[in-house]
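Each remark here refers to the structure printed beneath this line.
The values are calculated or read from the model by the stated rules, or taken from the named source; none is laboratory data. Note that the structure is predicted; figures quoted are calculated from it, not measured. Here the Cβ is made from the backbone with ideal geometry for all residues, glycine too, and neighbour counts use every protein chain on show.
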Amino acid sequence: MTQIPEQTGPDAQPDAPGLEVLEEPCAERGPFFRERVVVRAPGKVNLSLGVGAIDERGYHQLATVFHAVGLYETVTATRAADLRLDLTSHVQGKVPLDGSNLAMRAAELLRETHGVTDGAHLHIDKEVPVAGGMGGGSADAAAALVALNRLWGLGIAPDELRRLGARLGADVPFAMLGHTALGRGNGGDLSSVLTSGDWHWVLAVPGGHLSTPVVFRRADELLLEHGRTVPAVPEPDAVQLQALRSGDVHLLGQTLHNDLQAAAFSLHDGLEPVIAHAERHGAWGALVSGSGPTIAVLAQDAEHAAELRDELLASGLVLECHLAQGSVPGARVVEEA
């Protein structure tokens, strides 16, 4: 059994691709297949999310800064005659285990595109809040693609694997890349963002569910109601990128922004009180992550984050809170045999 060392902490390369282990020569298809591969992929928050006009394909143009955080989906892929999935969850909420699950869809995509007839038993160990705007399902898909690429000895290069992942959703390529990245287009056109220092977060889960398509539709309705227009192609926040480069927590807190937040507030009346409470008690900033309903709360350091978590839990406004450090690596093999 091989243990793969993990790259973490302030010395980690922020623009490393998060899939560097795949640059090792992969096993040729033959008698020396791996029997078991374990891959871990992170959840994410959107530090900013600018929503532009709808393009000819029916997608909103986006400019978003993805930020991988240390809540993980761990997928174990083991050789099996058929394809099946089970799950251990450490968070509330139900996750489908049928063909609609993104990990299963990732497996079927690999089999279809590369003529694979092998099976696998996939087990997900889940830490990312369910349907919370943190990309947990996308992390499952990313981890499954990386694990099955190794298990089945396909030898698919990282760039090609990310392109495959984009067919499952715009957040999947980022779950492979990790760290912090600027997403353009529908979010899948990625470029790494340089960061320095440490980033500490409280991920507050107020309960309830928000559908991403419903939130986007509500955002469009609000624009019409208020007579506002949006740019055809939104631009990233240069001040936010500067804050990340310089490690300025205070400045980053000032630049947290989500164009979907007003829509999320209108659909879930439990969100705005969480942000207000966190900011009253010393958070450097807080916002709805993606389409919500998870609230990402920025803290000065680990001790401050723990204090904010305790305060939010005591408030009764949230069901659960998780502490996580930001700009962690993307999907990576942690064990194989």
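For E303, state whether it is assigned to a strand (DSSP E or B), over 17 Å from the mean Cα position of the chain (by Cα), surrounded by fewer than 17 Cβ atoms within 10 Å (Cβ to Cβ) and not basic (K, R).
On the way: assigned to a strand (DSSP E or B): no; over 17 Å from the mean Cα position of the chain (by Cα): yes; surrounded by fewer than 17 Cβ atoms within 10 Å (Cβ to Cβ): yes; not basic (K, R): yes.
When the stated conditions are applied, E303 does not pass them.
Note on the range 45-62: residues that are farther than 19 Å from G326 by Cβ and not acidic (D, E) total 11. Within the set V333, V318, the sole residue that is over 18 Å from F66 (Cβ atoms), out of contact with any Lys or Arg (no Cβ under 9 Å at 6 or more places or on another chain) and modelled with pLDDT of 95 or more turns out to be V318.
Among the acidic types (D, E), outside any helix (DSSP H, G or I) and either in contact with a Leu (Cβ under 8 Å, 6 or more places away or on another chain) or surrounded by 18 or more Cβ atoms within 10 Å (Cβ to Cβ) (or both) - does that describe any residue in the range 261-283? First the steps, then the outcome.
Filtering the range 261-283 down to residues among the acidic types (D, E) leaves 269, 272, 279.
Of the ones still in play, those that are also outside any helix (DSSP H, G or I) are 269.
Right, trim to either in contact with a Leu (Cβ under 8 Å, 6 or more places away or on another chain) or surrounded by 18 or more Cβ atoms within 10 Å (Cβ to Cβ) (or both) and you get none.
Scanning the range 261-283 turns up no residue that is among the acidic types (D, E), outside any helix (DSSP H, G or I) and either in contact with a Leu (Cβ under 8 Å, 6 or more places away or on another chain) or surrounded by 18 or more Cβ atoms within 10 Å (Cβ to Cβ) (or both).
When the range 156-183 is filtered for residues that are in a loop (DSSP other than H, G, I, E, B) and either under 29 Å from S196 (Cβ atoms) or not basic (K, R) (or both), the ones remaining, listed by number, are I156, A157, L168, G169, A170, D171, H179.
Each residue in the range 93-130 was checked for being surrounded by 20 or more Cβ atoms within 10 Å (Cβ to Cβ) and over 14 Å from T74 (Cβ atoms), and 8 pass.
So if I check each of S196, S192, which one is surrounded by 17 or more Cβ atoms within 10 Å (Cβ to Cβ), of a type in the set (G, A, S) and at pLDDT 90 or above?
On the way: S196 fails: surrounded by 17 or more Cβ atoms within 10 Å (Cβ to Cβ).
Step by step, each of S196, S192 is checked, and only S192 is surrounded by 17 or more Cβ atoms within 10 Å (Cβ to Cβ), of a type in the set (G, A, S) and at pLDDT 90 or above.
For the range 102-125, filtered to residues that are in contact with an Asp or Glu (Cβ under 7 Å, 6 or more places away or on another chain) and part of a strand (DSSP E or B), the residue that is nearest to H90 (Cα to Cα) is I124.
Residues of the range 224-242 that are closer than 21 Å to G187 by Cα and outside any loop (DSSP other than H, G, I, E, B): A238, V239, Q240, L241, Q242.
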